[in-house]
């Protein structure tokens, strides 16, 4: 039954792919196959449903922002983190600099680059990248995560705007760690390779309130989980977040690698992949699939009776 | 049982009142009694619970933005409205002008002044103020709504920043109606007098998906209701909306008259009143009461098992 | 000899007229003849040189900003004026609003609209428009100045952006006079009809250090004259002021009616007219004529040996 | 006679020193003696007048921006340079970033950091630092110029905001050279040690239209000299440039090391030193001395009859 919905959603999304474009700011990303589309749904009872290109590897990019925030919130005191980054939607592009260039301004939220760089600076003194990769394997319930070395090097050698942001944060005393080392970690975290299924795994962990659905182990505190879920809803889809929340109403986080992570609260994790991006940088097919499922299965946060 | 929670929430909120300030930008608002606090919860089964100063009248101010948006969305085609105002959280103050002063920018959302002025310009050619007042009585299930003439005149004679916003919208061709007439309507809509109970009424209508809980009549389309609920969650608490959503997780809309409107989806409408405002312009007591209820009754949108 | 230079300058400027456009934001201005070009030079010894369309009337527009500043500085204490408007070039468009929308910001200088509206608010309680018109006839040594009623009404009925600016200044307490009355005066002052010769008259008064060249009477204090001359150099040509100062190096003030006023310090006043505007709003022919004269007669402020 | 004016000007300036502060953003600068004040005037006939602490060495800082612009303009085609940096006053702080963060924006002028970094990127592929130091010795007619290694290292290790600016320029494709190498050159050029007399030397070269006053050799083209002189007038004194031009009316360029360079066109170069800075970053004593001389010797650009 759910399988049928996924198949239909996939078919519904396919024709829109042609309107999108691959991310090209990193040469490596432009090598993706623009026609790939895949969805994986993982339910709390262990059932896994898939449709389309679910075995394709792609880099996690901005979706890593929710995992690294989770790790930072598990590692530090809540208030230590939110002294250096706010929780407000920004109204500006994810890589905007202008709004940082005034006295006393800290990044608007951890879903934009400036905020995520701050989160990386919290992680750096506590974890090596390898330790973080292991941590993320646990959170995604997926041992296959690896670093895509080519994408990482591509990001590191072309990430001038992120350097500009990081040095501005450094000059204002918000970023206190070494800039280049912080960015190296940030770029590596963005360059982790995943599949739609890996994303569904983390989605399921969120849906299940931070408790591993099979082992029953709590991996994230309830406050951490609620924080991340809410930030996904208000800020997860770049500067299209507000309209996405109104129209589709599912918490989601996208990445320019074509990944998209969502969940149905208490029920299931959802991972999507489709590298053709709309003008805001969100996966076109991913958005269309969620639109279809939200409507057909009544998954909008303000629908009263979800069918899943 | 619920009564006990309300009483406790009220008691919890009281000591914080002293940290707040009355709105003073309109002389009339400064005449409120800073110690007033009230809450009214109206359930779908008709039960009404109250605590504190629920009979106090106050002006609705920005809370009118959700009712007028509802009426506009019921009156016009969805796309006509959202061609002239976006659905995105803005990251700026509710009365900001700077972000409008660039080519092609339309207001970020209907919860900030520029967006709400546009909504008023949609209503003006279709309704007189008196007709809108009647409409709002129906939506709030409260016949006692009236215009507070003194507050209206106070707003009209001091609303220079709103005039600046409206004339800028006019100069850009976004506002096509007469500016002074549009503002007169806007100021009147902000100056409607309500009680906590009136707000609970509209909250219940939202909670009940737009259907009048007693007559069974549909007063708002489902799409309209979901749009308003989501905008309350992402933009309802001025530039504290993001943090409020994370920490308390209830859709809410506040006004500088001290009112605060929220709801529990599918269950109940909530109206609050407390004219002492925090620095962002939200009712201090109102926020504290919702914080208490959200925690004790597990009402955060991402709590899985609300107790109400 | 000078006549030859003017004739050649006029001929040099003519072919560029086709690249320009008439101002259209006021319907009345769009009725000008785009091919008109005229220059008038008035020397301290009484000699007047003319070439082209020097008898054409046009509205003074922004060039009035230097006369009204002169009158305000003659009327008030220097510091009273400059508490409410700075003397800094702004880097933004003449009608920009964004930079005003922050705490404590006053207009950058009296050559942009926000600053000139403040200057009008200084004049309003002291002078009627008719008195100011008489004052300007004296400063321009020209009795023929009149109000162009059609342009005035056109400006008043379409000046939405100026209203937006004025109401913002009012909301911040910088503009303390009535907004509509202040704007009425401002629009009237912009709608005064002049010829190239009228502009040359005021230019000569500046060149002659504020002393009427024929009567010997001091009409402006030395400090006032130096202030105006310097502001013309740093801010007189909209957001092309910096490049104009570098390349042509003559103090000048332009208006969207096609007028342009300049002078040779100690020597002569220059009035120009050419309603075809470049993209910054400056008279194309006027700029070309000054470019020619600056080069041929070595009139750049940092030329050491002017030939005029 | 001129000596008497200098002595009086020095005495006039001394009491204001206490209101200023040393630059502290670079630890090395904070080691200066806040009471030092010196002035050197060098006339075209070879006469040199000095008063106060003229033998003190200090780092040239932003004053290098006019020398490096001169060298760049002598080396490249005029239009190549001004395709990548405008000539407009900016209205923002010298180290502002916000205005760069929009499409198509290039730095406002070569006197602010972003513009000067672009100028350094023009010089880097053509000159070693040592060659530029030799070039500057010639332009300042002073063989004693050296690199202050401690200041350079201090700037390089703390210049985070300049890095942020440079990486933003790089990300926008305006800066095409290597960022760290460009900044190394930029920081070195700011760290050259000079005396008031060195500044007077370059001032005299400007005053003398680019021709070495003793050898008669042309060192800068006339167009280059006029460009630099005008930019000093419109943008040389940080965001106090407009008011300085109005009140004092002398082209000048200041640096946070306490140096100040001015000139009297066709007559003399002026070098000043006083490390106590006002809130805009200009030497307090330097400004006061120029104010005194401008008034007493009638040196305002719009004074008609200078006494020097």
Which helices (runs of 4 or more DSSP H) sit wholly inside the stretch D:36-142 and have at least 2 residues that are out of contact with any helix residue (DSSP H, G or I) (no Cβ under 8 Å at 6 or more places or on another chain)? D:78-82, D:129-139
Members of the stretch A:121-175 that are under 25 Å from residue D:175 (Cβ atoms) and in contact with a strand residue (DSSP E or B) (Cβ under 6 Å, 6 or more places away or on another chain): A:151
When you check residue B:139 against the structure, is it more than 14 Å from chain A (Cβ to nearest Cβ) and crowded, with 22+ Cβ neighbours inside 10 Å, yes or no? yes
Identity of the residue in the stretch A:106-134, surrounded by fewer than 23 Cβ atoms within 10 Å (Cβ to Cβ) and touching a residue at least 60 places away in the same chain (Cβ under 8 Å), that ends up nearest to the other protein chains (Cβ to nearest Cβ): A:106
Tell me yes or no: at least one residue of the stretch D:164-179 is surrounded by 23 or more Cβ atoms within 10 Å (Cβ to Cβ), within 23 Å of residue D:120 (Cβ to Cβ) and away from chain A (no Cβ under 14 Å). no
Failed item in (1) within 14 Å of chain C (Cβ to nearest Cβ); (2) buried (at least 22 other Cβ atoms within 10 Å of the Cβ); (3) modelled with pLDDT of 95 or more; (4) under 30 Å from residue D:268 (Cβ atoms), with residue D:151 passing the rest: (1)
Given (1) over 15 Å from the mean Cα position of the chain (by Cα); (2) buried (at least 20 other Cβ atoms within 10 Å of the Cβ); (3) within 12 Å of another protein chain (Cβ to nearest Cβ), residue D:102 misses just (2)
Of the conditions (1) at pLDDT 95 or above; (2) more than 14 Å from chain C (Cβ to nearest Cβ), residue D:86 fails just one. Which one is it? (2)
Residue count, the stretch B:242-262 (criterion: facing chain A (nearest Cβ under 10 Å) and within 13 Å of the chain's Cα centre (by Cα)): 1
Spot the failing condition for residue D:234; the list is (1) within 22 Å of residue C:234 (Cα to Cα); (2) more than 14 Å from chain C (Cβ to nearest Cβ); (3) surrounded by 24 or more Cβ atoms within 10 Å (Cβ to Cβ), and only one is missed. (2)
Can you tell me which condition residue C:296 does not meet? The list is (1) under 25 Å from residue C:7 (Cα atoms); (2) free of Cβ contacts under 8 Å to residues at least 40 places away in the same chain, and all the others hold. (2)
Which residues, taken from the stretch B:221-248, are out of contact with any helix residue (DSSP H, G or I) (no Cβ under 6 Å at 6 or more places or on another chain) and in a loop (DSSP other than H, G, I, E, B)? B:221, B:236
In the stretch C:189-209, is there at least one residue being surrounded by fewer than 22 Cβ atoms within 10 Å (Cβ to Cβ) and either away from every other protein chain (no Cβ under 14 Å) or touching a strand residue (DSSP E or B) at 6+ places or on another chain (Cβ under 8 Å) (or both)? yes
Would you be able to tell me the number of residues in the stretch A:258-281 that are assigned to a loop (DSSP other than H, G, I, E, B) and within 18 Å of residue A:296 (Cα to Cα)? 2
Restrict the check to the stretch B:275-286 and report whether at least one residue is touching a residue at least 12 places away in the same chain (Cβ under 8 Å), at negative phi and surrounded by fewer than 23 Cβ atoms within 10 Å (Cβ to Cβ). yes
Scan (1) surrounded by 20 or more Cβ atoms within 10 Å (Cβ to Cβ); (2) modelled with pLDDT under 95 for the single condition residue A:215 breaks and write down its number. (1)
Which residues, taken from the stretch D:53-82, are away from chain C (no Cβ under 13 Å) and more than 13 Å from the chain's Cα centre (by Cα)? D:53, D:54, D:55, D:56, D:57, D:71, D:72, D:74, D:75, D:76, D:77, D:80
Selected residue (only one of B:14, B:43, B:21 is touching a residue at least 40 places away in the same chain (Cβ under 8 Å) and within 29 Å of residue B:156 (Cβ to Cβ)): B:21
It is to be established whether one or more residues within the stretch B:49-63 are over 25 Å from residue B:285 (Cα atoms) and in contact (Cβ under 8 Å) with a residue 60 or more places away in the chain. no
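The values are calculated or read from the model by the stated rules, or taken from the named source; none is laboratory data. What you are looking at is a predicted structure, and each value in this text was computed from that prediction instead of being measured. Please note: Cβ atoms are built from the backbone with ideal geometry, for glycine as well, and neighbour counts cover all protein chains shown.
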